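Novice: Have a look at this one.
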2 protein chains.
Amino acid sequence: MSLDALEQLTDALRRLPGIGRRSAERMAVKLASEPEKLAAQLCHALEVVRRDVRFCQHCGALTSSDRDPCAYCTDGNRDANVLCVVEDPADIQSIEETGTFHGRYHVLLGRISPLRGEGPNDIRLRALIKRVRTEGIQEVVLALNTDLEGEATARFIAALLHERGVVVTQPAYGIPAGSGVRFADVVTLERALTGRREV
Amino acid sequence: MSLDALEQLTDALRRLPGIGRRSAERMAVKLASEPEKLAAQLCHALEVVRRDVRFCQHCGALTSSDRDPCAYCTDGNRDANVLCVVEDPADIQSIEETGTFHGRYHVLLGRISPLRGEGPNDIRLRALIKRVRTEGIQEVVLALNTDLEGEATARFIAALLHERGVVVTQPAYGIPAGSGVRFADVVTLERALTGRREV
């Protein structure tokens, strides 16, 4: 059976994070099997998101159309002197779940990626520099991905910010919780040893 | 940040098979972050599926609006004497991938479930009996789920079909490939031992 409509839906689902071919197929069949209960509802939810959700013009986090700047930027209880820089709005969620960061955010909406032809002007870097200059930021936490492009982007930003006399930090590298020396790759272990701490 | 639109989307995504809260949240944020590339495309694909995909009136498999009865029902190369009964259209996909079944299908679109108040008249059981009576079916393979309700539904259908002199079979129970005695639960192991075969 070659159902073009199902294949198109499978392709669209596969572009979501963490979804492989197999699960996309299962989801597509399920959606087609319950068109009114599942597909219609998902479609409606997507339309609402497209209409009501946008990037905060100030920090780049996701916010609703009627709340721009976003709740993070306008929350007086957050430390306005510390800025956490992330690649993606989804990263904010993960950091918030830890409950250990109480500053504000700046979302780059990307990273410097020569392979994808994305340079410093394709991410929200100019806005970051401007914020550091005008908002009296004292510390910038670079919480970018720890892969090659994320690292390179972090180095690039750190160099720009050092010139401006701001403290630039990164989350610690190391062995993840619930794992062990045996399971860590060479780079992780090297970083964990280099960054060893007295207990 | 409480973004109603994002939460609604997360809820809609969580209803898909195999998607937990965490992955639904990640997908929702990703969809909101790329509204035109991802959300619009998914929405469009869902609309096409709602418009073009339906259940084959004959066997209950998914098919396109302009092809009813479906490709399975009209494929002259398939053995019209053997019918494989499944709960869900997604099951067909899995069976087809094995390449070992060459008969036709009958999708119940459900199972008998007292807990959910679903009886014999809520699934495509009458249509199955009619097919067995009118299509000269010789064997019915009951490939239902192997949980309690699936088993009970299979027993119920088997009893009805035995009266009509048709051979009723089930796929073999046993230890799954890539596993072992050590990893099998009691019921599986009991079934595997009861159904042991000479090698």
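Novice: Checking B:ASP147 against (1) among the acidic types (Asp, Glu); (2) open to solvent by less than 80 Å² (accessible area, probe 1.4 Å); (3) more than 21 Å from B:SER113 (Cβ to Cβ): exactly one of these is not met. Which one?
Specialist: It is condition (3) that B:ASP147 fails.
Novice: Six or more apart or on different chains, Cβ atoms under 7 Å: show the pairs whose first residue is in the range B:175-190 and open to solvent by 80 Å² or more (accessible area, probe 1.4 Å) and whose second is assigned to a loop (DSSP other than H, G, I, E, B) and of a type outside the set (D, E, K, R).
Specialist: Short answer, once both residue conditions are applied: B:VAL181/B:ILE175.
Novice: Let me ask you something else. Just the residues that are more than 10 Å from chain A (Cβ to nearest Cβ) and in contact (Cβ under 8 Å) with a residue 24 or more places away in the chain, please, taken from the range B:59-70.
Specialist: B:CYS59
Every residue, every condition in (1) open to solvent by 60 Å² or more (accessible area, probe 1.4 Å); (2) closer than 20 Å to A:ALA40 by Cα; (3) of a type outside the set (Lys, Arg), yes or no:
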| residue | (1), (2), (3) |
| --- | --- |
| B:ARG14 | yes, yes, no |
| B:SER23 | no, no, yes |
| B:ARG26 | yes, no, no |
| B:TYR72 | no, no, yes |
| B:ASN77 | yes, no, yes |
| B:ALA80 | no, no, yes |
| B:LEU83 | no, no, yes |
| B:ALA90 | no, yes, yes |
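Novice: Another question, then. Select from the range B:121-157 the residues that are among the β-branched types (Val, Ile, Thr) and assigned to a helix (DSSP H, G or I) and list them in ascending order.
Specialist: B:ILE129, B:VAL132, B:THR134, B:THR153, B:ILE157
Novice: Of all residues in the range A:1-12, how many are over 16 Å from B:LEU16 (Cβ atoms) and open to solvent by 30 Å² or more (accessible area, probe 1.4 Å)?
Specialist: Of the residues in the range A:1-12, 5 are over 16 Å from B:LEU16 (Cβ atoms) and open to solvent by 30 Å² or more (accessible area, probe 1.4 Å).
Novice: Would you be able to say whether some residue in the range B:21-44 is among the β-branched types (Val, Ile, Thr), more than 22 Å from A:LEU6 (Cα to Cα) and more than 9 Å from chain A (Cβ to nearest Cβ)?
Specialist: no
Novice: From A:LEU83, A:LEU13, grab the single residue that is at pLDDT 95 or above and assigned by TED's automatic domain parsing to the domain that holds A:GLN170.
Specialist: Step by step, each of A:LEU83, A:LEU13 is checked, and only A:LEU83 is at pLDDT 95 or above and assigned by TED's automatic domain parsing to the domain that holds A:GLN170.
Novice: Mind checking which residues of the range B:6-29 are touching a Leu at 6+ places or on another chain (Cβ under 9 Å), of a type outside the set (A, V, I, L, M) and under 19 Å from A:ARG26 (Cβ atoms)?
Specialist: Selection gives B:ARG15, B:SER23, B:ARG26.
Novice: A follow-up question, please. Could you list, in sequence order, the residues of the range B:162-171 that are open to solvent by 100 Å² or more (accessible area, probe 1.4 Å) and touching a helix residue (DSSP H, G or I) at 6+ places or on another chain (Cβ under 9 Å)?
Specialist: Hit for the range B:162-171 is B:ARG164, nothing else.
Novice: Scanning the range B:71-89 for residues that are under 30 Å from B:LEU148 (Cβ atoms) and in contact with a Lys or Arg (Cβ under 6 Å, 6 or more places away or on another chain), which turns out nearest to the other protein chains (Cβ to nearest Cβ)?
Specialist: B:TYR72
Novice: What is the one condition in (1) surrounded by 10 or more Cβ atoms within 10 Å (Cβ to Cβ); (2) in a loop (DSSP other than H, G, I, E, B); (3) basic (Lys, Arg) that A:ARG196 does not satisfy?
Specialist: For A:ARG196, the failing item is (1).
Novice: For residues in the range B:59-70 being touching a Ser or Thr at 6+ places or on another chain (Cβ under 9 Å) and open to solvent by 40 Å² or more (accessible area, probe 1.4 Å), which is nearest to B:GLY165 (Cα to Cα)?
Specialist: Among those that are touching a Ser or Thr at 6+ places or on another chain (Cβ under 9 Å) and open to solvent by 40 Å² or more (accessible area, probe 1.4 Å), it is B:PRO69.
Novice: Continuing with this model, one more query. Collect the residues in the range A:158-189 that are more than 18 Å from A:ALA80 (Cβ to Cβ), of a type in the set (Val, Ile, Thr) and outside any loop (DSSP other than H, G, I, E, B), keeping them in residue-number order.
Specialist: Across the range A:158-189, the qualifying residues are A:VAL181, A:VAL186, A:VAL187, A:THR188.
The values are calculated or read from the model by the stated rules, or taken from the named source; none is laboratory data. Remember, it's a predicted structure, so these values are computed and weren't measured experimentally. Every residue, glycine among them, receives a Cβ derived from its backbone with ideal geometry; neighbour counts consider all protein chains shown. For the accessible areas, the whole protein counts, side chains as well, though only heavy atoms, and no ligand, DNA or RNA atoms are used. Shrake-Rupley method; radii C 1.70, N 1.55, O 1.52, S 1.80 Å.
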